[in-house]
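> So that we are looking at the same thing, I have put the structure below in structure tokens.
What follows draws every value from the coordinates through simple rules; no lab data is involved. Keep in mind that this is a model prediction, so the values were computed, not measured. Here the Cβ positions follow ideal geometry from the backbone for every residue, glycine too, while neighbour counts run over all protein chains shown.
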Amino acid sequence: MSFVELRNVYKSYGDGAAKVDALRGIELSVEPGGFVAVMGPSGSGKSTLLMIAGSLEEPTEGDVRIDGLRLSGLSRNQKARLRRRTIGYVFQDFNLLAGLTAVENVCLPLELDGIAARKARAIGMAALEELGLADRSNRYPDQLSGGERQRVAIARAVVGERRLLLADEPSGALDSVNGEAVMRMILSACKTGVAAVVVTHDAHLASWADRVVFLRDGRVVDQTNPPPSPESILQPSTGPNEPSL
């Protein structure tokens with residue numbers, strides 16, 4: 001069963017001569033543990049697709065479901081609760097809170113869900129350490145580089161029990177080493193059952209995905225299943241008769 005589904009989704013902005021059709025009849029489904037990369041030229045509707053999949057925007061037409069729930073049937077408060085508890089976002093502008101340190105930004109969604117501050121901090125620190133940011137945990141966003149802020153945003157998106165990860169160019173400001181660390185964190189989340197949809201223009205990043213969806217002029221024009229890249233394969237757990245490497 002799919003965790004997130006977009007069924008015949010259209011999204012238009014403006015009216016008359018100023019009308020812009022951002023999405024046209026999008027069909028997309030991602031199962032738990034699935035990793036879908038979305039590619040396409042600028043203006044093809046990639047970011048709009050993410051916003052609608054995450055209930056941040058309403059489609060003009062069509063149906064969006066998350067974990068079987070039809071979003072059009074939910075109240076505003078129900079959608080807010082769904083976003084806070086179920087969906088992790090990584091925006092291009094990071095959306096970090098300037099008055100909170102890196103670790104406080106990561107911990108915030110956990111504490112909003114009622115996790116004790118000490119436990120939330122331990123979880124947040126573990127996520128930052130995985131991305132090489134443990135020594136920057138007490139810095140404020142304006143004391144971090146663009147790449148460091150991006151990694152904090154990634155950590156915030158994957159902590160807790162999120163079941164859907166939506167990321168818009170998550171490695172855009174990172175070098176290859178840190179970009180690979182980010183992809184490993186996303187892939188690790190998928191291994192636990194998280195569904196991920198990642199917008200990217202980077203073919204190497206897209207090669208980590210199970211499926212690549214290509215958009216043009218608001219339509220899905222192609223889909224492919226890339227062969228697994230060596231970097232995208234995490235070491236499998238050993239069975240009872242298999243020696244550890």
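> Relative contact order of the chain: what whole-number percent is it, with Cα pairs under 8 angstrom and at least 6 residues apart?
With pairs under 8 Å counted, the relative contact order is 27 percent.
> All other residues with a Cβ under 9 Å from the Cβ of Arg7 taken together, and with Lys, Arg as +1 and Asp, Glu as -1, what is their net charge?
-2
> Further question: Relative contact order for the range 1-71: what percent, with Cα pairs under 8 Å and sequence separation of 6 or more?
Rounded, it is 43 percent for the range 1-71.
> Additional query: Farthest toward the dipole's positive end in the range 72-204, which of Val159, Pro170, Ser72, given Cβ charges of +1 (Lys, Arg) and -1 (Asp, Glu) about the Cα centre?
Going by the charge dipole, the pick is Ser72.
> Taking a cut-off of 20 Å between Cα atoms, list the lysines near Lys46, but don't count ones fewer than 8 places away on the same chain.
The reachable lysines, counting only those whose Cα sits under 20 Å from Lys46, are Lys11, Lys19.
> Pairing the Cα long axis of helix 146-158 with the longest principal axis of the chain, what angle in degrees results, from 0 to 90 and rounded to the nearest 10?
80 degrees
> Rounded to the nearest 500, what is the 222 nm mean residue ellipticity of the chain from helices alone, with -39500 (n - 2.57) per DSSP H run of 4+ residues and division by all residues?
Value at 222 nm, helices only, nearest 500: -9500 deg cm²/dmol.
> May I ask you to list the aspartates and glutamates whose Cα is less than 13 Å away from that of Lys79, ignoring any residue fewer than eight positions away on the same chain?
Filter leaves Glu57, Glu58, Asp67.
> Show me the ranking of peptides 166-178, 43-55 by mean Cβ neighbours inside 10 Å, starting with the highest.
The packing order, highest mean first, is 43-55, 166-178.
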